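**Q** Supplied in structure tokens, the structure appears directly below.
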Amino acid sequence: MIPLRSNLHSVTATRMFSRLAQLLAASPALQTSNGQTAVWLQRLQREDNPWLNAERMEQQGQLADAHRLYLEDAHQQDGRRHFARAAVARAASAEIVARLGNERLAQSERRGAGEQFHRHAEQAMAWSLREAAWAYEHAATQYEKAGLSKQAEAMRRCANDLHLHLALPVDGLGGLPPGQQDALAQ
């Protein structure tokens, strides 16, 4: 999944990834039999990709344009129901706006990122409890940064509940984690 920028040095990672993609594009290993570049690599390098353009603008110090492009990407991803991607784009937008000195707008963007992570968590419950827990944790972080402590605490409880559920033994194999009582035995 896509890590949040505040958790990793993603600007450096993105630059390295972008450079790696450029180098790989010329690599014979990624050329198809007719000499064309692999499709996933072409998509990665498309000029109409708002996320990549936002990253470029940010690297060039054009923060207002980067903010606009991150928001554009967030809206596109939301329309596709890719809530985690939308959340990461909103969180990146919030960081840019905070760097520009507009803390009020940054808090609004962080709230939006928290909402998107929450949506993703609810959606992910159908296929991965770990993914849902991850999204709840990031929703909590964004809500906390936005000054919404009640929402942050609710998201942390959801994440903790999922982590406890994931720690339970499967089909009676193993035992309960140390110090945990069997809730069904009561």
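**Q** Cβ contacts < 6 Å: first residue over 16 Å from Glu122 (Cα atoms) and modelled with pLDDT of 90 or more, restricted to the range 57-85; second residue open to solvent by less than 60 Å² (accessible area, probe 1.4 Å) and among the hydroxyl-bearing types (Ser, Thr, Tyr), any location; separation 6+ or different chain. Result?
**A** Cβ pairs passing all conditions: His67/Ser93; Tyr70/Ser93; Leu71/Ser93.
**Q** Continuing with the same structure: Residue pairs, Cβ under 9 Å, 6 or more apart or interchain, first in the range 92-120 and without any contact (Cβ under 8 Å) to a residue 24 or more places away in the chain, second polar (S, T, N, Q) and open to solvent by 10 Å² or more (accessible area, probe 1.4 Å). List them.
**A** Here the result reads Ala98/Gln107, each pair linking the range 92-120 to a residue that is polar (S, T, N, Q) and open to solvent by 10 Å² or more (accessible area, probe 1.4 Å).
**Q** Of all residues in the range 96-117, how many are open to solvent by 60 Å² or more (accessible area, probe 1.4 Å) and either of a type in the set (Asp, Glu) or assigned to a helix (DSSP H, G or I) (or both)?
**A** Number satisfying all stated conditions: 7.
Each row is one residue, and each column tells you yes or no for (1) part of a loop (DSSP other than H, G, I, E, B); (2) acidic (Asp, Glu); (3) open to solvent by less than 80 Å² (accessible area, probe 1.4 Å); (4) modelled with pLDDT of 95 or more.
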{"residue": "Ala139", "(1), (2), (3), (4)": "no, no, yes, yes"}
{"residue": "Glu144", "(1), (2), (3), (4)": "no, yes, no, yes"}
{"residue": "Asn160", "(1), (2), (3), (4)": "no, no, no, no"}
{"residue": "His165", "(1), (2), (3), (4)": "no, no, no, no"}
{"residue": "Gln180", "(1), (2), (3), (4)": "yes, no, yes, no"}
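**Q** Does any residue of the range 36-43 turn out to be at pLDDT below 80, part of a helix (DSSP H, G or I) and among the β-branched types (Val, Ile, Thr)?
**A** yes
The values are calculated or read from the model by the stated rules, or taken from the named source; none is laboratory data. These numbers come from a predicted model, not from an experiment. Glycine gets a Cβ as well: all are built from the backbone with ideal geometry, and neighbour counts include every protein chain shown. All accessible areas refer to the heavy atoms of the entire protein, side chains included, with ligands and DNA or RNA removed. Shrake-Rupley method; radii C 1.70, N 1.55, O 1.52, S 1.80 Å.
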